[in-house]
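For reference, the structure discussed in these notes is given below.
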Amino acid sequence: MVSVSGPSTGESSGTESNLLWLKLKSWKLLDSQSMLYQSFWESLEPIGDYHLKGGILTLRFSNRRESTDYVLRYDSARPDGKIMLARASDME
C-alpha cells in the first residue's frame, strides 16, 4: 500500500490523494488498484489518519457532497487481496 498526494489540476490550491495497492512478484506488477480518498474536486476529506492493526489497514473519509462517511479497508489476510469500500453506517 502506498499513499500518494499531489496538487489538484487547474488553478485551485486543493489536494488530491489516492491509496495505491500494488501486487508484485519478483518486481513484476501482477495487479493494481487505486482508491481516491481526498479530493478538492470531489469534496472528499479524510477523517483522521489511516490505521494499521492486525494486518488490516483502515481509513475513514467524508464525502461532503453526499454528507456521507466512508470506510476504506484492506485486510492482508483476505484471499482476493482487494481494497474494500463501504459506507461507515453499514459497518457500525
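The values are calculated or read from the model by the stated rules, or taken from the named source; none is laboratory data. Please read all numbers here as calculations on a predicted model, not as lab measurements. Neighbour counts are summed over all protein chains in view; Cβ atoms, including those assigned to glycine, are modelled from backbone coordinates with ideal geometry. Note: accessible area is taken over every heavy atom of the protein model, side chains too, but ligands, DNA and RNA are not part of it. Shrake-Rupley method; radii C 1.70, N 1.55, O 1.52, S 1.80 Å.
A few remarks follow.
- Extension gain, D80 back to S43 (0.36 nm per residue minus Cα-Cα distance, nm): 10.4 nm
- Surface exposure of the range 1-89, expressed per residue as accessible area with a 1.4 Å probe, stands at 67 Å².
- Helical mean residue ellipticity (222 nm; -39500 (n - 2.57) per DSSP H run of 4+; nearest 500) of the chain: -500 deg cm²/dmol
- Whether the range 44-92 is rounded, prolate or oblate, judged on the alpha carbon gyration tensor where a/c under 1.5 counts as rounded: prolate
- Estimated FRET transfer efficiency when R0 is 22 angstrom, pair S3-K25 (beta carbons, to 0.05): 0.45
- Accessible surface of the chain, 1.4 Å probe: 52 percent of it comes from carbon and sulfur atoms.
- When peptides 59-70, 11-22 are sorted by average Cβ neighbour count within 10 Å, with the highest value leading, the order is 59-70, 11-22.
- Modelled FRET efficiency - R0 25 Å, R64 with S89, Cβ distances, 0.05 increments: 0.95
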